[in-house]
Amino acid sequence: VSGFLLAQITHNNSPSSVTQTVVFNCFYKIVEVYKNKNNEDPFLAFFNFTPCKQKILFADFTDDGKNIYGYSADSTIYFWEYSGAEKIKIHSPEIPLNLKISSDSKFISAVFKSGKAMVWKTSGDTVIGFTVYFGYHHYSK
């Protein structure tokens, strides 16, 4: 661990491809030692991601950096803790065109190709759903 910290300090003070390689090599050595000593996946000690069965198409951090939100190829909207632990899973009607979270991280909104828009609480409860209709204006001379 001390070798990793020294490599990290050196890289922060004088970044180069050599110092970066040393940092990664030290990190992977720590992971290998942890795995051999504890006989378990070391990444589970750092992260708690529940694997998704579908490809994640979009993910972003909340404004405060404490959570992550996003959606997958099967139209599921996710809200995760920073560690990766799943907080909620929302089955949306289709893949969102746009997904946003409120600045206080209490609401998630999505707009869909069909014109439908939805807002959920980050607890998973639906707040409102509606369809937006776009009117056409024909101008002639």
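Within the stretch 14-26, how many residues are open to solvent by 60 Å² or more (accessible area, probe 1.4 Å) and either in contact with a Phe, Trp or Tyr (Cβ under 8 Å, 6 or more places away or on another chain) or part of a helix (DSSP H, G or I) (or both)?
7
Which residue pairs have Cβ atoms under 6 Å apart, sit 6 or more places apart or on different chains, and have a first residue in the stretch 32-47 that is of a type in the set (A, V, I, L, M, F, W, C) and a second that is at pLDDT 75 or above?
Phe47/Gly84
Conditions: (1) within 13 Å of the chain's Cα centre (by Cα); (2) open to solvent by 100 Å² or more (accessible area, probe 1.4 Å). Gly65 meets all but one. Number of the miss?
(2)
Can you name every residue in the stretch 22-37 that is closer than 20 Å to His11 by Cβ and among the basic types (Lys, Arg)?
Lys29
Can you say whether Gly124 is open to solvent by less than 70 Å² (accessible area, probe 1.4 Å) and not in a strand (DSSP E or B), as far as the supplied structure shows?
Judged against the criteria, Gly124 is a match.
What's the number of the condition His11 fails, among (1) open to solvent by 60 Å² or more (accessible area, probe 1.4 Å); (2) modelled with pLDDT under 85; (3) more than 30 Å from Ser92 (Cα to Cα)?
(1)
Looking at the stretch 85-103, which of the residues that are touching a residue at least 24 places away in the same chain (Cβ under 8 Å) and either under 18 Å from Asp64 (Cβ atoms) or of a type in the set (A, V, I, L, M, F, W, C) (or both) is surrounded by the fewest Cβ atoms within 10 Å (Cβ to Cβ)?
Ser103
The values are calculated or read from the model by the stated rules, or taken from the named source; none is laboratory data. Every value quoted in this text rests on a predicted model; they were computed, and no experiment measured them. Note that we place each Cβ from the backbone using ideal geometry, even for glycine, and neighbour counts take in every protein chain shown. Calculation scope for accessible area: heavy atoms of the full protein, side chains included, ligands and nucleic acids excluded. Shrake-Rupley method; radii C 1.70, N 1.55, O 1.52, S 1.80 Å.
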